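Colleague: Handing you a structure now.
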Amino acid sequence: MHRNKVFAVLSFSSIAVLGLSACGSGADAGQESTTVLKVAFNQNASHPQAVAITELSEKLKEATDGAYELELFPDEQLGSQAETLELVQSGAVDMAIVAGPLMEAFNPDFSVLNLPYIYDSPEHQMSVLNDPEITGDLYNSLSDSENISVIGAYHGGVRNVYTTDGPVETPADLAGQKIRIISSDTNVSMMELMGGVGTPMPQGDVYTAIQSGVLNGAENNELIFADLGHSEIAPYYSYTKHLMIPDYLVANPAVLSAFTEDQREELTSLFTESVDSELASFDEKVTEAKKKAEESGATFHEADVDAFREAVAPLLEEKINNDVTKAIFDKIDAAR
Ligand code: GCU
């Protein structure tokens, strides 16, 4: 992990001129009061990312002598991830954690970090995502044009397919099955190549859509499967292991421009620590989630990973299609 570098690559030149003020007061009032930055989150308060943000907040408050802290709003309280991205852009919310595929709507090159089977392990994934030499320019690409600063990425689990009618072993088993995906062109094509029909939808709508038969299943990590009760209504969880996506901590650029240089350095270094602790705690949460899902009747199955990997190979050729994505992909490859 490259401590102290994530922020170094953020572009602050344009954000200073925006002149928007962060939520709360205190940034200009020395350390007399605490600026509380609202962080939107779509999962529950015991999720590893929620724990990481809470720890980050405590350490940030201490490191900035009380100038800044973070307040987490879990469980989609502030809206779906796509909605909270808009709130961050407008400045109504200071920060949000959002899934990588949603960023493709702003800059399609982000897809190179969301492709199936490109990471060998969560450790490989995380060695790439917060290395500014690999992702710095890409992350900076949205501050001026979209009013989004990417602070960095958390691990978001390994995604597998789960369905209502039986395990999925090969692409043929997904024929005609409507599988919820996070909204992106990449995911739609991916699910088509995997044999199913990708149906984009916010996470919070998935339970009802499966229950009413609009969907035959979804694809996600074990935490969502168990915690949102999907395990009760689509109980066949099959280890296709097709995706590891980044979850980005994003901020309104004006919020970050209100930080002093020292405070930014603290935030950078504490964010890096929080990324490491989030990754370290993920496996344990997966084990707990599997147990919980099994207790509610779910079953876990191996799938033919090689068959799925082969099926989605054309997507990599299609999406790694320009100098930017080729350079990033080469570095992902080199980091194996
Ligand atoms: C994962 C990911 C979230 C995302 C969710 C989803 O849990 O960590 O960021 O919102 O999947 O499928 O929507």
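The values are calculated or read from the model by the stated rules, or taken from the named source; none is laboratory data. Bear in mind that the values here come from a model prediction, so they are computed numbers and not experimental data. Positions of Cβ are backbone-derived with ideal geometry, glycine not excepted, and every protein chain shown enters the neighbour counts.
Colleague: Ser238: over 24 Å from Lys290 (Cα atoms) and of a type outside the set (A, V, I, L, M, F, W, C), yes or no? Don't jump to the end; show me each part of the working.
Modeller: Values: over 24 Å from Lys290 (Cα atoms): no; of a type outside the set (A, V, I, L, M, F, W, C): yes.
It is false that Ser238 is over 24 Å from Lys290 (Cα atoms) and of a type outside the set (A, V, I, L, M, F, W, C).
Colleague: Which is away from the ligand (no atom under 16 Å from the Cβ), under 30 Å from Glu317 (Cα atoms), touching a Ser or Thr at 6+ places or on another chain (Cβ under 9 Å) and of a type in the set (S, T, N, Q), of Asn114, Asn107? Walk me through it before giving the result.
Modeller: Details: Asn114 fails: away from the ligand (no atom under 16 Å from the Cβ).
After ruling out the rest, the residue left standing is Asn107.
Colleague: Which residues, taken from segment 196-226, are of a type in the set (Asp, Glu) and surrounded by fewer than 24 Cβ atoms within 10 Å (Cβ to Cβ)?
Modeller: We begin by selecting, within segment 196-226, every residue of a type in the set (Asp, Glu); these are 205, 219, 222.
Asp205 - this is the single residue of segment 196-226 that is of a type in the set (Asp, Glu) and surrounded by fewer than 24 Cβ atoms within 10 Å (Cβ to Cβ).
Colleague: What tally of residues in segment 310-336 results from selecting those that are assigned to a helix (DSSP H, G or I), without any contact (Cβ under 8 Å) to a residue 24 or more places away in the chain and not hydrophobic (A, V, I, L, M, F, W, C)?
Modeller: Adding up the residues that qualify gives 6.
Colleague: Right, next: Looking at Ala226, Ala234, Ala289, Ala258 in this structure, which one is within 16 Å of the ligand (Cβ to nearest atom) and over 23 Å from Pro48 (Cα atoms)? Working first, answer last.
Modeller: Numbers: Ala226 fails: over 23 Å from Pro48 (Cα atoms); Ala289 fails: over 23 Å from Pro48 (Cα atoms); Ala258 fails: within 16 Å of the ligand (Cβ to nearest atom).
After ruling out the rest, the residue left standing is Ala234.
Colleague: With respect to Ser121, determine if the residue is free of Cβ contacts under 8 Å to residues at least 12 places away in the same chain and either over 24 Å from Gly91 (Cα atoms) or under 16 Å from the mean Cα position of the chain (by Cα) (or both).
Modeller: Details: free of Cβ contacts under 8 Å to residues at least 12 places away in the same chain: yes; either over 24 Å from Gly91 (Cα atoms) or under 16 Å from the mean Cα position of the chain (by Cα) (or both): yes.
Yes.
Colleague: May I pose another question? Please go through segment 288-309 and pick out each residue that is under 17 Å from Leu243 (Cβ atoms) and assigned to a loop (DSSP other than H, G, I, E, B).
Modeller: Answer for segment 288-309, where residues must be under 17 Å from Leu243 (Cβ atoms) and assigned to a loop (DSSP other than H, G, I, E, B): Ala303, Asp304.
Colleague: What pairs come out if I take residues in segment 201-226 that are over 14 Å from Gln43 (Cβ atoms) and pair them with residues that are within 13 Å of the ligand (Cβ to nearest atom) and in a loop (DSSP other than H, G, I, E, B) whose C-beta lies under 7 Å away, six or more apart or interchain?
Modeller: Every condition considered, the pairs that remain are Ala209/Met201; Ala209/Leu215.
Colleague: Hey, does segment 57-67 have a residue that's within 16 Å of the ligand (Cβ to nearest atom), touching a Gly at 6+ places or on another chain (Cβ under 7 Å) and among the hydrophobic types (A, V, I, L, M, F, W, C)? Step through it out loud before you land on a result.
Modeller: Quick first cut of segment 57-67, residues within 16 Å of the ligand (Cβ to nearest atom) only: none.
The answer is no, given that none of the residues of segment 57-67 is within 16 Å of the ligand (Cβ to nearest atom), touching a Gly at 6+ places or on another chain (Cβ under 7 Å) and among the hydrophobic types (A, V, I, L, M, F, W, C).
Colleague: Could you list, in sequence order, the residues of segment 86-109 that are in a helix (DSSP H, G or I) and within 12 Å of the chain's Cα centre (by Cα)? Step through it out loud before you land on a result.
Modeller: Taking segment 86-109 first, the residues in a helix (DSSP H, G or I) are 86-90, 100-105, 108-109.
Across segment 86-109, the qualifying residues are Gly100, Pro101, Leu102, Met103.
Colleague: Which of (1) within 16 Å of the ligand (Cβ to nearest atom); (2) in contact (Cβ under 8 Å) with a residue 40 or more places away in the chain; (3) part of a helix (DSSP H, G or I) is the odd one out, the single condition Asp247 does not satisfy?
Modeller: (3)
Colleague: Considering only strands (runs of 3 or more DSSP E) fully contained in segment 127-212, which possess at least 2 residues that are modelled with pLDDT under 95? Full working, then the answer.
Modeller: On the way: elements: 149-155, 159-163, 178-181, 197-200.
Those strands (runs of 3 or more DSSP E) do not exist here; none qualify.
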